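*Asks:* Dumping the structure here so I can ask a few things about it.
The values are calculated or read from the model by the stated rules, or taken from the named source; none is laboratory data. Computed from a predicted structure; not experimentally measured. Backbone-built Cβ (ideal geometry, glycine too); neighbour counts: all protein chains shown.
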Amino acid sequence: MASEPSTRERIISEAIRLFAERGFTGTTVGDIEQAAGLAPRSGGLYKHFPSKEAVLEAAAQRHVGQIEALRSALDFRPLGNMRAELTLVARWSLAELRAERPLIKIVQKDGDQFPALVKLVHERVVETGHRTARAVLELLLSRNGVEVENPDAFAAVLVGSLVGRDVEEMMFGSPPGGLEEDDFVEAWVECWLTFARGAGATLDEPAAQAAT
């Protein structure tokens, strides 16, 4: 059985949720204390953090670490065909984007107040995500005999369509076209399989799939 989170961890978890929902200015220390199960305005937060800003910094650092752990857990061994590998890339990317939402919302709401936070998220989440995407996609394409002239641009286009889906869902509560994730992923994969076939990829798909 998992142990109960410490008071400090509860404060961090509730703070990042509230900062994402209400913004830093719109969230009071009392709000965080109450959400974390402490008596509001009792000074309980200050037993663990010197300020609300320190809570934001700790929350951002922890959340970045969680995202990096998710990214490092990607086990991208050959799955036997490009369709399965592209599906893995799409589902893994969408899961990571969902994990990033609280930080992205905080940057959108309060980034002008906290340039260090913007830099942290940009360098360790956004830029590292692009580098990871390029490495994974280059590996995937090379396995199937495809070379692209500008892999950075190619990776940006691949990932950008997934980011666009997540942003629209995050902003409006509904994904593009109202499509369920499974339908979006299937269409995304088919687009890139069509490109790969046109580029001369030596695809090794199961007969039933290759015939469709």
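*Asks:* Can you name the residue in segment 33-68 that is under 19 Å from residue 23 (Cβ atoms), of a type in the set (Asp, Glu) and within 24 Å of the chain's Cα centre (by Cα) and, of all such residues, is surrounded by the most Cβ atoms within 10 Å (Cβ to Cβ)?
*Replies:* 57
*Asks:* Identify, please: which residue in segment 137-160 is surrounded by fewer than 18 Cβ atoms within 10 Å (Cβ to Cβ) and polar (S, T, N, Q) and is, among those, modelled with the lowest pLDDT?
*Replies:* 142
*Asks:* So residue 134 fits all but one of (1) within 15 Å of the chain's Cα centre (by Cα); (2) buried (at least 18 other Cβ atoms within 10 Å of the Cβ); (3) within 16 Å of residue 71 (Cβ to Cβ); (4) free of Cβ contacts under 8 Å to residues at least 24 places away in the same chain; what number is the exception?
*Replies:* (1)
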